[in-house]
1. Test of understanding: what is the full-extension gain from residue 408 to residue 248, defined as 0.36 nm times their sequence separation minus their Cα-Cα distance?
2. Once you sort the root eigenvalues of the Cα gyration tensor of region 58-151 as a ≥ b ≥ c, which label holds: rounded (a/c under 1.5), prolate (a/b larger than b/c) or oblate (the other case)?
3. How do the peptides 50-57, 34-41 rank, highest first, by the average count of neighbouring beta carbon atoms within 10 Å per residue?
4. Using a ≥ b ≥ c from the Cα gyration tensor of region 183-309 (square roots of the eigenvalues), is it rounded, prolate or oblate, where a/c under 1.5 gives rounded and otherwise the larger of a/b and b/c decides, a/b for prolate?
5. Which angle from 0 to 90°, rounded to the nearest 10, does the C-alpha axis of helix 42-66 make with the longest principal axis of the chain?
6. Hey, can you rank 339-346, 132-139 by average C-beta count inside 10 Å, highest first?
7. Of the listed values (1) 35, 29, 22; (2) 32, 25, 23; (3) 63, 20, 20, grab the one calculated as semi-axes √(5λ) of the Cα gyration tensor in Å from the structure here.
8. For region 1-130, just say rounded, prolate or oblate: build the C-alpha gyration tensor, square-root its eigenvalues into a ≥ b ≥ c, call rounded for a/c under 1.5, and beyond that prolate if a/b exceeds b/c, oblate if not.
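Please treat every number below as a calculation from the coordinates, not as lab data. This one's a predicted model, so the numbers in the text were calculated from it and none came from an experiment. So basically every Cβ, Gly included, is an ideal-geometry build from the backbone, and we count neighbours across all protein chains shown.
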């Protein structure tokens with residue numbers, strides 16, 4: 001079978017994850033349907049990313065051990081069932097439980113997706129294939145917000161889940177066309193203790209970020225203890241899920257930290273953007289989706305061009321340039337007001353999305369190049385885990401920043417629309433400043449480690 005046909009099947013299956021941007025467009029409809037306050041919608045994000053984040057490296061390791069195609073297919077089956085359960089949910093608690101099931105399936109799909117995509121190509125094609133993979137994920141994000149807007153307008157919020165059931169089942173049926181790309185099955189044990197510690201760490205961390213009150217310090221303490229236990233266990237393990245020694249490479253560590261912060265900052269667009277376009281610009285769901293599609297489409301363009309930019313400037317420099325463009329876009333969003341026109345909003349979204357697309361491909365290439373070929377499931381999973389940590393942190397932190405600034409503005413006598421804009425702009429200013437500070441630190445560290453002697 002031709003490698004490009006196998007890649008096409010893998011990309012079609014992986015689309016079930018980025019099409020989740022349709023859910024962001026449905027946030028206002030979901031809050032209305034279940035009578036929720038705005039901050040409560042974060043749980044639709046948190047329970048999903050908490051679950052797939054806790055299991056992401058586990059999914060990648062399972063692929064390394066038992067075969068990427070097998071684990072990828074199992075994930076498609078789980079997500080198909082979970083999408084149906086989300087669409088049929090009679091209450092918010094059931095919806096959240098079904099989102100957890102979706103997280104399990106996505107952890108298996110995305111945990112093995114990059115490794116399965118690369119399995120039929122030589123290493124010399126790695127950056128190009130990762131560019132195609134990232135571009136397809138960005139395409140799914142753009143398609144999701146457009147389709148989500150149209151479907152929510154026509155048939156309501158459950159359709160953002162129903163639309164992915166046939167895609168997942170079709171991709172599952174087509175997996176027989178993909179040659180198996182098995183990991184090293186027989187000789188390598190699965191690190192169950194490491195998996196449990198990893199799941200405890202990520203779950204406790206996300207919940208500590210999401211919950212307020214007396215539970216937060218205890219969850220934070222549990223997260224620290226589980227992380228310390230995970231690192232200590234992995235250092236002793238003969239075949240760990242993730243080798244702590246990898247992070248002795250400063251460049252590798254810097255790129256992973258940057259991916260967390262970049263995704264935290266970038267998540268402000270799909271999390272808070274729908275409320276700006278609905279409340280301030282007065283757009284319906286389709287209009288909101290079309291604006292978010294500008295952002296996702298520019299991410300696609302950045303990912304598609306990342307390989308050529310990397311050849312011209314070097315992948316590390318291209319990554320840093322992408323982040324600089326992303327910061328400029330976030331800073332521009334932080335100036336939006338009631339009078340901001342479509343050209344200005346689209347320009348900011350184009351800059352932020354394009355920069356993120358370039359950075360994501362460069363980051364994924366760095367991770368894939370660092371880990372051994374037999375650990376590519378873990379390598380692909382690590383890129384998703386760091387993304388999840390950024391998104392989960394952003395879901396809690398950004399809504400809290402908006403809410404606090406909005407409350408302060410209301411207390412100062414501003415009306416509700418003006419107070420919302422104050423909170424919206426404050427959240428984006430904080431996102432831009434945080435990413436700029438991390439990029440500056442990364443550039444300083446890179447120069448220091450390159451200095452002779």
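1. 53.2 nm
2. Oblate, because a/c is 1.5 or more while a/b does not exceed b/c.
3. Result, highest mean first: 50-57, 34-41.
4. It comes out oblate by the Cα gyration axes.
5. Result, in degrees: 10.
6. 132-139, 339-346
7. (2)
8. Judged from the Cα gyration tensor, region 1-130 comes out prolate (a/c at least 1.5, a/b above b/c).
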